[in-house]
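Below is one structure, written out as structure tokens, with a few remarks after it.
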2 protein chains.
Amino acid sequence: MTEKLHLEDLNPGDVFKSGEYTLEADEIKTFARQYDPQPFHLDEEAARDTFFQGLAASGWHTCAITMRLFVESVPIAGGLIGAGSDVAWSQPTRPGDVLHVVSTILDITPSRSKPDRGIVTIQSDTVNQRDELCQRAVSRVLAFRRG
Amino acid sequence: MTEKLHLEDLNPGDVFKSGEYTLEADEIKTFARQYDPQPFHLDEEAARDTFFQGLAASGWHTCAITMRLFVESVPIAGGLIGAGSDVAWSQPTRPGDVLHVVSTILDITPSRSKPDRGIVTIQSDTVNQRDELCQRAVSRVLAFRRG
């Protein structure tokens with residue numbers, strides 16, 4: 001078990017690399033049926049003549065997988081509690097993709113009103129098996145001081 | 001079936017209001033087990049002594065539900081294809097919440113390189129049954145001209 005990290009343990013430039021997540025067609029369709037029911041996320045045949053030219057995961061599905069890998073790789077004490085995130089999708093994730101996430105701390109801002117905490121700005125890049133960037137998310141996450 | 005909207009049909013200030021989505025505790029836990037396995041999203045008892053003081057949905061789960069309501073309420077021709085989104089969570093969504101989404105077009109930018117398309121900037125507010133804002137997402141979505 002990794003020691004949990006507090007605000008004072010974190011520094012701009014710190015990098016966390018996640019494990020891998022293999023995305024299958026069935027999972028793409030299951031997520032889409034419930035949360036993003038559009039032809040290019042639901043069915044290979046229907047996806048062929050769309051913008052994506054083949055089955056592609058919902059961008060929000062890529063976000064969800066990224067969170068899973070983020071939770072497993074960035075051990076902040078008290079958990080990963082987000083205030084917000086700026087997400088950009090440079091290309092879709094696809095069936096058979098093996099994804100990992102590289103998270104880099106960009107900035108740390110201590111709270112002015114609450115001295116026990118601060119906001120950590122973290123960039124999380126979601127990368128496929130060809131080292132292509134699929135998604136970049138810059139998130140604002142809460143972290144607490146020790147004690 | 002609503003007529004599908006093209007780039008030239010959309011104007012800043014246009015508002016789209018979605019139907020409702022009822023969020024249950026089981027769905028919060030199912031999503032969290034797969035994509036955001038943290039105590040405050042997984043179990044009422046374990047959530048009690050955390051920052052959220054009770055079971056709360058993952059912010060990414062709120063994003064996913066927002067997308068569902070967005071797809072059902074904003075009929076853009078060719079589908080809703082996002083380039084990115086800036087999401088801010090002002091409060092969590094909870095078991096029993098009845099959510100809806102109000103989407104407002106903020107801006108339309110025709111593409112310089114591809115005259116058949118443009119980027120529509122849309123603010124989607126996810127609101128609960130007490131009219132409290134839970135999430136604001138400002139998304140960049142592709143739209144195409146007719147023909």
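Read-outs: derived from the displayed coordinates by stated rules, not from any lab. Predicted model, so just to flag it, every value in this text is computed and none were measured. We place every Cβ from the backbone using ideal geometry, glycine too, and count neighbours over all the protein chains shown.
Other residues within the sphere of radius under 15 Å centred on the Cβ of B:Arg130, judged by their own Cβ, net out at -4 (K and R +1, D and E -1). The alpha carbons of region A:7-144 stretch over 55, 28, 21 Å along the principal axes, in descending order.
What do you get for the angle between helix B:25-35 and the principal long axis of chain B? Use alpha-carbon atoms, 0 to 90 degrees, nearest ten. The two axes meet at around 70 degrees.
The chain B residue nearest the rotation axis shared with chain A, using its Cβ and rounding the distance to whole Å, is B:Asp86, 2.
Each copy carries A:Glu72; placing its label point 7 Å along the C-beta direction from Cα gives inter-copy distances of 3.2 nm, listed from smallest up. Phi angles of region B:108-125 translate, via the Karplus equation with coefficients 6.51, -1.76, 1.60 and θ = phi - 60°, into HN-Hα couplings of 10, 10, x, 5, 7, 8, 10, x, 7, 8, x, 10, 9, 9, 10, 8, 10, 9 Hz per residue; Gly and Pro are given as x.
Toward the positive end of the charge dipole of region A:8-65, about the Cα centre and with charges on Cβ (Lys, Arg +1; Asp, Glu -1), which of A:Gly19, A:Phe40, A:Ile65 goes farthest? Result: A:Phe40. Between the amide H of A:Ile81 and those of A:Leu142, distances stay under 5 Å, these residues lying 5 or more places away or on another chain, with hydrogens modeled in the peptide plane.
Calculate the dipole size of chain A relative to its Cα centre from +1 charges on Lys and Arg beta carbons and -1 charges on Asp and Glu beta carbons; express the result in debye to the nearest 20.
Details: 15 positive and 21 negative charges, 148 e Å.
Charge dipole, chain A, about its Cα centre: 720 debye, nearest 20.
Between helix B:59-73 and chain B there is an angle of about 40 degrees, using the helix long axis and the longest principal axis of the Cα atoms.
Determine the gain in length on full extension of the stretch B:Thr104-B:Ala88; use 0.36 nm per residue of separation and subtract their C-alpha separation, reporting nm with one decimal.
Numbers: separation 16, 0.36 × 16 = 5.76 nm, distance 1.59 nm.
That pair, B:Thr104 and B:Ala88, stretches by 4.2 nm at full extension.
What dipole magnitude, in Debye to the nearest 20, does the protein assembly as shown give about its Cα centre under +1 on Lys/Arg Cβ and -1 on Asp/Glu Cβ? Each step should come with its number before you reach the end.
Details: 30 positive and 42 negative charges, 143 e Å.
That gives a dipole near 680 debye.
A point 7 Å from Cα along Cα→Cβ stands in for B:Glu132, and the other copies hold the same point at 4.3 nm, listed in rising order. Taking Cβ atoms as reference points and 9 Å as the exclusive limit, the residues near B:His6 contribute a net charge of +1, counting Lys and Arg as +1 and Asp and Glu as -1. Inter-copy label distances at B:Glu27, using a point 7 Å along Cα-to-Cβ, come to 2.2 nm with the shortest given first.
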